[in-house]
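**Q** Quick one: this structure, given as structure tokens, is what I'll be asking you about.
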Amino acid sequence: MIKGRETCLELAGKVAKEAIKLGATQAEVRLINGTSYLTRFAGSMIHQNVGEANTTLMLRSVLGKRISSVSCSDTNPESIKRLVEKGYKVAKVLDEDPDFISLPEPQPISDLRGLFVKATAECTPDTRAEIVKALMDESHSLSPKVKEVAGALTTTSGELAVVNSLGVNAYARATSADLDATIIAREAEVEGFGTAGDVSRDIKDLNPAKIGREAAERSVGSLGAKMIDVGEYEVVFEPYVVAQALGYLASGFSAQSYQDGTSWMCDLMGQKVFSEQLTLWDDGRDRSGLAFPFDMEGIPKRKLVLIEEGVPKAIVYDSYTAHKDKEKSTGHVGGRGLGGMGSMPSHLIMKRGDSTKEEMIQETKKGILVTNFWYVRTVHAKRVVITGMTRDGTWLIEKGEIKYPVKDLRFTDSLLKTFANLDLIGKEGKRMGAGPYGGVVVPAIKAKSFLFTGQKP
Amino acid sequence: MEDLARKAIERALSSGATYADIRIVEINNQNLATRNGKIRNVSIVNDKGFGVRVLVNGAWGFSSSCEIGPSIIEKVTLEAVKIAKASAKLKKKDVRLTPAKPVKGSYKTPFQKDPFEVPLEEKVKVLIEADKRVISQGDLLKLSTSSMGHHRENKVFANSEGSYITQEITWCGANARAVAVGFGEFQDRSFDGRNARTGGYEIIEEIDLPEKAEESGKEALKLLTAKNCPEMVTDVIIGGSQLALQVHESTGHPMELDRALGAEAAMAGTSFLTVDRRGKFRYGSEKVNIFADATIPKGLGSFGYDDEGVPAQRVQLVKDGIFINYISDRTFAGELGVPSSGAARASSWNRIPLVRMTNINLEPGDWEFDELVRDTKKGIYVETNRSWSIDDKRLNFQFGTQVAYLIENGELADLVKNASYTGITPQFWGSCDAVCNKKHWHMWGTPGCGKGQPGQGMYVGHGTAPARFRDTKIFSGVTR
């Protein structure tokens, strides 16, 4: 249940004041509250259907250069008293952290309206079942070969308050509705898989029939997948792939990894690394994504260009790493966790090009169309070599046409190389993300080469 | 608590539920981390709440709250019933739970030293010493991070069949990571989280983290100037820690019955071990015997009862290379008409129990490690996971390792870096021709196995000894 601006800020402020009263030199309180409902389906029926009302109260107590992080899920006066005492007691026995300078100073935050949509917050189990049914009905109506519809519909309604003893006093609330489908088509014991999904602040924006149709078309289209010779191919990546790939580049933008010397950016800042077509920025205020006005330290979001025309330009800071470089926090502390969370891009947006997916396929001599990546892991962080499998529809393209589906392929390649070899960029951006506080907007891309190293039998 | 639990169950039954259970859970976590000899983070978490699960009209509903009290329990129970009724609108069949005897019982992880009573200063001292033993080895060792975590879960389980169980699970773990940076790259070597186990602070003391950190630092430095692993098809001896990861990904996950029946299709995927293969499919060579056992002392996946009140038990999964059983809960075992293997586990009060690994173990063989190396004319020994990837049916895998030694004429030879190996699960396990003996067998842990929507991280264990796999493809991922 949403508590509202006044209640949240008052509660967080009270905890911060109690911490100072007890002897903390600085204190920061983060209150995350909300509800989340998830209707999950598989085998064309709802099999899991869950709800959750949760509150997390987090306190950072600072005693000079000693810092503790404590949290609890209970906001009654006794629990708050225990939390404040524990925070003080823990900080008192710790060694000093010489790199800690201060919690962040307050900065003005402009409101972002329309992040909280009543229809999403008040969505009932029956409405979620109706949406899921519409998706299933459309999927099955496409073809009798569609045998199993799986996926999930999540509705979340959350609020975040951040208060610190230096004057940070930030509050915002937001909703999100996220629908995704994975569909299994079957013909003579051969399986084909397809996926599709969408996310919005407003549940009414979701089009379950469109998602069901898109995923079903992919599943039927990937029936009869064949084995191919592995090796270098041109690739057309759907936005689902691009979002995952950028996620692996994104860890290099973290100021912590840059300061440690483990980021791929370390020797490449300011150099031409990627194709000139690649421009990438982070902007928590851009409403084409899941905008949110501030980060978990209460620092306002703004546009920050990370890669401009193929040249890496910036890293993202929290207050701790910013002080170390005599910079200001860029407002990129994310996550619900405690302590040294570090900074990461949270609202990545990739500049769009002017190609359609069809044009990218037409421009491909011999390549692979990939719908989705699965189980991606870093093999070599400095060169951003990743491995993983393609999933939910993979096709061979020859002479500008899709020839036939291929079995899921394993890839092992460097993303630095892949984005240097960018050929074409899609003209439509797709919004993706989960939960109320972040997401990406990315187009499809075509790259000149990508290395496939294995295949699922 | 018993009154509150009874109230929820009675309310659920009077509202149309044919089955109901409630879990009231309190979790306490303490995590400490240092970087380069300085304290970086100490976090203490207290998280409590309850979740009510009901079967209405043959379908599941679940609701949960972090507030605990009579009125909220009533509200949440009624919401769970409402959710179940919505689920029933899109059901194709009724959920039929496999029978389980009602249990009144309790369980507490045995431990010698309560980790939450050990002073923080003492723990920080260990971590700082571990960092210092790394960074004092030279300028190339740019980063040393050490961490320690303690987890305690107190939970009450009650169901409408008469079960009432209280449990206290405690586990501890510690990590040390050394990163050497230079020559345009970095190499890391860690004593990783696979050392987490159930028990008290004695688990941390047994580890001797500073010593392990020092060893990691030495090896990270050597790796920086080592050659890349050559690409070849060869005999691979996989060390115990890496083999624990192999068992986790290519054995444990595909043997989860919910995956095999399609319930995880949209997220984790399905399984190549389809139900028609149970009892006859050759999963591995005759040397491969694998069992699930939630009763092993100190196993990270050990407990008294699962989150459906089924007692912890041992179940043979693979016998002489043949796949014979799944790990299961009451819902999916009911579909197959078999007893539950006692593997329904929920990560917290706000999550439903899913089919999860407990301790999934490879039975020891009869080889001494040195004897196994001597018996390998040409090959490679790999240890400690760096990256892991496997397809959605758990067939095609590729795992990167932190450290590898070439084997030449029966002896460990040059250290090589960036070694990855790849294979197809049944062929790979089919090539296993030797497993080391009990002396080399160790219980490893995986503290954060991810599964489900919304996501759940679960702590599971794996008992393994080093083993040899013939004709395996190995290469250096970085040269790709």
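**Q** Taking the residues in the range A:57-77 that are touching a residue at least 40 places away in the same chain (Cβ under 8 Å) and more than 8 Å from every other protein chain (Cβ to nearest Cβ) as candidates, determine which candidate is nearest to residue A:36 (Cα to Cα).
**A** This residue is A:57.
**Q** Also: What single numbered condition from (1) modelled with pLDDT under 95; (2) assigned to a strand (DSSP E or B) fails to hold for residue A:383?
**A** Residue A:383 satisfies all of (1) modelled with pLDDT under 95; (2) assigned to a strand (DSSP E or B) except (2).
**Q** Among the residues of the range A:228-268, which ones are part of a loop (DSSP other than H, G, I, E, B) and of a type outside the set (Val, Ile, Thr)?
**A** Answer for the range A:228-268, where residues must be part of a loop (DSSP other than H, G, I, E, B) and of a type outside the set (Val, Ile, Thr): A:229, A:238, A:261, A:263, A:264, A:265, A:266, A:267, A:268.
**Q** Another question about this same structure. Would you confirm whether any residue within the range A:405-416 is of a type in the set (Ser, Thr, Tyr), under 20 Å from residue A:356 (Cα atoms) and in the same structural domain as residue A:253 (by TED's automatic domain parsing)?
**A** no
**Q** Take the conditions within 12 Å of chain B (Cβ to nearest Cβ), under 30 Å from residue B:81 (Cβ atoms) and not basic (Lys, Arg) and apply them to residue A:45. Does it pass?
**A** Yes; evaluated as a whole, the condition is true for this residue.
**Q** With the requirement that a residue be hydrophobic (A, V, I, L, M, F, W, C) and either in a strand (DSSP E or B) or surrounded by 24 or more Cβ atoms within 10 Å (Cβ to Cβ) (or both), what does the range A:408-418 give you?
**A** A:409, A:411 - these are the residues of the range A:408-418 that are hydrophobic (A, V, I, L, M, F, W, C) and either in a strand (DSSP E or B) or surrounded by 24 or more Cβ atoms within 10 Å (Cβ to Cβ) (or both).
**Q** Residues that are closer than 30 Å to residue A:258 by Cα, assigned by TED's automatic domain parsing to the domain that holds residue A:257 and out of contact with any Lys or Arg (no Cβ under 9 Å at 6 or more places or on another chain): does the range A:390-398 have at least one?
**A** Checked against the condition, which is being closer than 30 Å to residue A:258 by Cα, assigned by TED's automatic domain parsing to the domain that holds residue A:257 and out of contact with any Lys or Arg (no Cβ under 9 Å at 6 or more places or on another chain), the range A:390-398 yields no hits at all.
**Q** Here is a further query. Could you check, for the range A:203-223, whether at least one of its residues is among the hydroxyl-bearing types (Ser, Thr, Tyr), closer than 18 Å to residue A:430 by Cβ and part of a helix (DSSP H, G or I)?
**A** Scanning the range A:203-223 turns up no residue that is among the hydroxyl-bearing types (Ser, Thr, Tyr), closer than 18 Å to residue A:430 by Cβ and part of a helix (DSSP H, G or I).
**Q** Filter the range B:252-271 for residues that are touching a residue at least 60 places away in the same chain (Cβ under 8 Å) and either among the small types (Gly, Ala, Ser) or surrounded by fewer than 19 Cβ atoms within 10 Å (Cβ to Cβ) (or both) and give the result.
**A** Across the range B:252-271, the qualifying residues are B:252, B:260, B:263, B:266, B:268, B:269, B:271.
**Q** I've got another one for you. For residue A:406, work out the one condition from (1) within 17 Å of residue A:244 (Cβ to Cβ); (2) touching a Leu at 6+ places or on another chain (Cβ under 6 Å) it doesn't fulfil.
**A** (1)
**Q** Let me spell it out: the conditions are (1) under 19 Å from residue B:240 (Cβ atoms); (2) in contact with a Gly (Cβ under 7 Å, 6 or more places away or on another chain), and residue B:469 meets all of them except one. Which number is the exception?
**A** Answer for residue B:469: the failing condition is (2).
**Q** Right, something else. Hey, among A:388, A:393, which residue is under 23 Å from the mean Cα position of the chain (by Cα), more than 29 Å from residue B:182 (Cβ to Cβ) and assigned to a strand (DSSP E or B)?
**A** A:393
**Q** What is the number of the single condition among (1) more than 25 Å from residue B:344 (Cβ to Cβ); (2) more than 9 Å from chain A (Cβ to nearest Cβ) that residue B:39 does not meet?
**A** (2)
**Q** If you take the residues in the range B:439-452 that are over 9 Å from the mean Cα position of the chain (by Cα) and surrounded by fewer than 21 Cβ atoms within 10 Å (Cβ to Cβ), which one is nearest to the other protein chains (Cβ to nearest Cβ)?
**A** B:442
**Q** May I ask you to verify whether residue B:103 is β-branched (Val, Ile, Thr) and within 14 Å of chain A (Cβ to nearest Cβ)?
**A** no
**Q** Counting only residues that are in contact (Cβ under 8 Å) with a residue 60 or more places away in the chain and within 30 Å of residue B:315 (Cβ to Cβ), give me the strands (runs of 3 or more DSSP E) lying completely in the range B:359-439 with at least 2 of them. So that I can check it myself, show each step before the final result.
**A** Details: elements: B:360-362, B:378-390, B:396-408, B:411-417, B:419-424, B:432-435.
Hits in the range B:359-439: B:360-362, B:378-390, B:396-408, B:432-435.
**Q** I've got another one for you. Based on what the data block shows, is residue B:401 polar (S, T, N, Q), in contact with a Gly (Cβ under 7 Å, 6 or more places away or on another chain) and more than 30 Å from residue A:38 (Cα to Cα)? Walk me through it before giving the result.
**A** Numbers: polar (S, T, N, Q): yes; in contact with a Gly (Cβ under 7 Å, 6 or more places away or on another chain): no; more than 30 Å from residue A:38 (Cα to Cα): yes.
Against the criterion (polar (S, T, N, Q), in contact with a Gly (Cβ under 7 Å, 6 or more places away or on another chain) and more than 30 Å from residue A:38 (Cα to Cα)), residue B:401 does not qualify.
**Q** So, of the residues in the range A:93-118 that are within 14 Å of another protein chain (Cβ to nearest Cβ) and free of Cβ contacts under 8 Å to residues at least 60 places away in the same chain, which turns out to be surrounded by the fewest Cβ atoms within 10 Å (Cβ to Cβ)?
**A** Filtering first and then ranking leaves A:98.
**Q** Output the number of the condition that residue B:116 fails; it satisfies all remaining conditions of (1) over 31 Å from the mean Cα position of the chain (by Cα); (2) modelled with pLDDT of 95 or more; (3) not in a helix (DSSP H, G or I).
**A** Only one criterion is unmet by residue B:116, namely (1).
**Q** Among the residues of the range B:44-64, is there at least one that is within 8 Å of chain A (Cβ to nearest Cβ), of a type in the set (A, V, I, L, M), within 30 Å of residue B:130 (Cβ to Cβ) and in contact (Cβ under 8 Å) with a residue 12 or more places away in the chain?
**A** For the range B:44-64, residues within 8 Å of chain A (Cβ to nearest Cβ), of a type in the set (A, V, I, L, M), within 30 Å of residue B:130 (Cβ to Cβ) and in contact (Cβ under 8 Å) with a residue 12 or more places away in the chain: present.
**Q** Same structure again: Name the residues in the range B:240-274 that are over 17 Å from residue B:395 (Cβ atoms) and either in contact with a helix residue (DSSP H, G or I) (Cβ under 8 Å, 6 or more places away or on another chain) or not assigned by TED's automatic domain parsing to the domain that holds residue B:434 (or both), would you?
**A** Of everything in the range B:240-274, those that are over 17 Å from residue B:395 (Cβ atoms) and either in contact with a helix residue (DSSP H, G or I) (Cβ under 8 Å, 6 or more places away or on another chain) or not assigned by TED's automatic domain parsing to the domain that holds residue B:434 (or both) turn out to be B:240, B:241, B:244, B:257, B:258, B:261, B:263.
**Q** Here's something else I'd like to know. Out of (1) touching a Phe, Trp or Tyr at 6+ places or on another chain (Cβ under 8 Å); (2) assigned to a loop (DSSP other than H, G, I, E, B), what's the single condition that is false for residue A:428?
**A** Of everything listed in (1) touching a Phe, Trp or Tyr at 6+ places or on another chain (Cβ under 8 Å); (2) assigned to a loop (DSSP other than H, G, I, E, B), residue A:428 misses just condition (1).
**Q** Can you find, within the range B:77-98, the residue that is surrounded by the most Cβ atoms within 10 Å (Cβ to Cβ) among those that are touching a residue at least 60 places away in the same chain (Cβ under 8 Å) and more than 8 Å from chain A (Cβ to nearest Cβ)?
**A** B:77
**Q** Answer yes or no as to whether residue A:23 is touching a residue at least 12 places away in the same chain (Cβ under 8 Å), buried (at least 21 other Cβ atoms within 10 Å of the Cβ) and over 30 Å from residue B:93 (Cβ atoms).
**A** Numbers: touching a residue at least 12 places away in the same chain (Cβ under 8 Å): yes; buried (at least 21 other Cβ atoms within 10 Å of the Cβ): no; over 30 Å from residue B:93 (Cβ atoms): yes.
Taking the combined requirement at face value, the residue does not satisfy it.
**Q** A further question on this structure: Would you confirm, using the coordinates I've provided, whether residue A:363 is of a type in the set (Asp, Glu), at pLDDT 95 or above and in contact with a strand residue (DSSP E or B) (Cβ under 7 Å, 6 or more places away or on another chain)?
**A** Yes.
**Q** Name the single residue that is surrounded by the fewest Cβ atoms within 10 Å (Cβ to Cβ) among those in the range B:223-251 being under 30 Å from residue A:181 (Cβ atoms) and of a type outside the set (S, T, N, Q). Quick ask: steps written out before the conclusion?
**A** Just the residues of the range B:223-251 that are under 30 Å from residue A:181 (Cβ atoms), to begin with: B:248-251.
In the following step, the residues that additionally are of a type outside the set (S, T, N, Q) were identified as B:248-249.
Values: B:248: 23, B:249: 21.
Here the answer is B:249.
**Q** I've got another one for you. Out of A:384, A:333, which single residue is at positive phi, buried (at least 19 other Cβ atoms within 10 Å of the Cβ), of a type outside the set (Gly, Ala, Ser) and assigned by TED's automatic domain parsing to the domain that holds residue A:450?
**A** A:384
The values are calculated or read from the model by the stated rules, or taken from the named source; none is laboratory data. These numbers come from a predicted model, not from an experiment. Positions of Cβ are backbone-derived with ideal geometry, glycine not excepted, and every protein chain shown enters the neighbour counts.
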